[in-house]
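Notes for the one structure printed next.
Every number here is computed from the coordinates shown, using simple stated rules; none is lab data. Because the structure is a prediction, the values reported are computed rather than measured. FYI the Cβ positions are ideal-geometry reconstructions off the backbone, even for glycines, and counts take in every protein chain you see.
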Amino acid sequence: MISIKRFKKISSTNEKAKGFKPWTVLVAEEQDSGYGRKGSQWFSPKGGLYFSLVLPKSDIHDLQTLTVLTGFAVAKTIKDNFKLEPLIKLPNDVLINGKKVCGILTENIIGKEVKFSVIGIGLNTNTSSFPPDLRESATSLKLELKKEVNNEKIMKEIVSQLENQLKTII
Amino acid sequence: MTLKITIKGKEYAVDISEEHGGKTKVKLNGREFIFDSNSKETITEGPLRISDFDSKNPEKEIKAPLNGTISEIFVKEKDEIKKGQKMLTLSAMKMENEIVSEANGKIKKISVQKGQSVKEGDVLISLL
């Protein structure tokens, strides 16, 4: 049911995802203009994991659940695969040792009702270093583990968990 | 075809046309009123006021679906907009919500500003 579209480099997986059907995952190796809430920039160099999932319409009062479930799926995947203790900073960040390793941006397209949603996940997996203004607040799995991780495996595991979790409310 | 009629010295431009689904559109001095020929409503005799028409064809209003803050406005008053066009984004519950138009139309009034807090149900934009 899930369809995965892969890109070497795009502006933003969330922006691109708005033209795709529900249950499509767009994954990019690099983003030119990755963004978070209120248009803030998301540092997206090669090595990190950047993907978005398009979801069909849901009840407007369930929307916040989408972000929370995504945070849970990301944290669980990290905990299940690595000797790390992720902390979900509700509703949309995942931290390791007090530093942000993942940001989640849910965007909803709403007319009279919710038409569809896009959940964007920026996970610092194999990011080797951060610019000075992020060094104190951001980390990556590679920096924490002192080794590289498998982006494809992590992405598929998060998507699989999300699919199972979200089907209960969509 | 536009008819010009004069009532008590005041001139009105009236344009009547057929719409989809057996509906009739009456344009009166630029304002549109849609009548449904299948309607079972009883029309009573007596003077009709503009407010009678308004209640049958309420102004299209875009309302806040959630409590939140207006993070961006992409349209301005008098803009012609198309169905599905992004009009503004509402930041709510740490999500960004794109509010899109459900119909083609023209922006009559924008009732909010960037950065303004709104409550669910508040009117954000009115369409002609």
Enter the angle in degrees (range 0 to 90, nearest 10) between the Cα long axis of helix A:63-81 and the first principal axis of the Cα atoms of chain A, meaning the one along which they spread out most. 40
For a quick check: sort A:SER117, B:SER117 by the number of other beta carbons within 10 angstrom, fewest at the front. B:SER117, A:SER117
Partner shielding of A:102-114, taken as the mean number of other chain Cβ atoms within 10 Å, equals 5
What is the helix-to-structure angle for A:151-166, meaning the angle in degrees between its Cα long axis and the longest Cα principal axis of chain A, kept from 0 to 90 and rounded to the nearest 10? 40
Computed FRET efficiency, Cβ-Cβ of A:GLU136 and A:LYS38, R0 22 Å: what is it to the nearest 0.05? 0.55
Going fewest to most other Cβ atoms within 10 Å around each Cβ, A:THR125, B:THR6 line up as B:THR6, A:THR125
In whole Hz, the Karplus estimates of ³J(HN,Hα) for segment B:100-117 (6.51, -1.76, 1.60; θ = phi - 60°; x where Gly or Pro) are 10, 6, 8, 8, 6, x, 10, 6, 8, 8, 10, 8, 10, 10, 4, x, 6, 7
Can you put A:VAL118, B:VAL100 in order of Cβ neighbours within 10 angstrom, beginning with the fewest? B:VAL100, A:VAL118
Please state the charge dipole magnitude for the protein assembly as shown, taken about the Cα centre, from unit charges on C-beta atoms (+1 on K and R, -1 on D and E), reported in debye and rounded to the nearest 20. 540
For A:132-142, what's the mean count of beta carbons from other chains sitting within 10 Å of each residue's beta carbon? 0
Using the structure shown, list the pairs from A:LYS16/A:LYS79; A:LYS8/A:LYS83; B:LYS60/B:LYS94; A:LYS16/B:LYS78; A:LYS21/A:LYS57 with a Cα-Cα distance above 18 Å, or answer none. A:LYS16/A:LYS79; A:LYS8/A:LYS83; B:LYS60/B:LYS94; A:LYS16/B:LYS78
Mean separation of Cα contacts under 8 Å, 6 or more apart, over the residue count of chain A: relative contact order %: 21
Give the shape of segment A:1-54 as rounded, prolate or oblate, defined through the alpha-carbon gyration tensor: a ≥ b ≥ c are the square roots of its eigenvalues, a/c under 1.5 means rounded, and otherwise the shape is prolate if a/b is larger than b/c and oblate if not. oblate
